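Here is the structure we will look at, set down as C-alpha cells.
The values are calculated or read from the model by the stated rules, or taken from the named source; none is laboratory data. Quantities reported herein were computed from a predicted structural model and do not represent experimental measurements. Glycine gets a Cβ as well: all are built from the backbone with ideal geometry, and neighbour counts include every protein chain shown.
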Amino acid sequence: MTQRAQYLPAILAVVFCLTVTPVLAIVSAPVKTGGPVLVVARPGTDLTGLIETSGGQVVGVTRAPLAVMGWSEDDAFEQRLKRNGAWAILDGEALAWLCGETT
C-alpha cells in the first residue's frame, strides 16, 4: 500500500492536467467579433437588460443564475458589456464546443 501511495501525487497531477487544461484553453480563448458570447455578471444583475443596454441581444432560452448568451455584430460590444457591469465575457462558440454542441 505504501508504494502505491507514493504515486498518488503524480496521478492526481495528471488527472488535474487532463481535466483542467482544456477548460482553461477554452475560457482563455479570444472572443470573436460578431459571434455569440457568454456574459457573466454578479448575482442579481438583469442579464437581459445588461446585454440589450450594451447593444446586443440574448441568444437562446436557457439562462444560468450568473450568465447568459448574447450576441452583437458591433466591435465595441465587449467593451460596453464590461463598462456596464459584466464580470467576464467568454467566447460562446468555444464554450458550445466544450459542451458538445456543434453548429
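Data overview
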quantity: Candidate set from the stretch 62-74 (those that are modelled with pLDDT of 85 or more and out of contact with any Leu (no Cβ under 8 Å at 6 or more places or on another chain)); member that is surrounded by the most Cβ atoms within 10 Å (Cβ to Cβ); calculated: 72
quantity: Qualifying positions in the stretch 65-81 - closer than 14 Å to residue 92 by Cα and of a type in the set (A, V, I, L, M); calculated: 67, 68, 69
quantity: Restricting the stretch 47-61 to residues that are of a type outside the set (Ser, Thr, Tyr) and either modelled with pLDDT under 90 or in a helix (DSSP H, G or I) (or both), the residue that is surrounded by the fewest Cβ atoms within 10 Å (Cβ to Cβ); calculated: 61
quantity: Residue 26 of a type in the set (A, V, I, L, M, F, W, C), over 14 Å from the mean Cα position of the chain (by Cα) and either over 14 Å from residue 87 (Cβ atoms) or at pLDDT 90 or above (or both); calculated: no
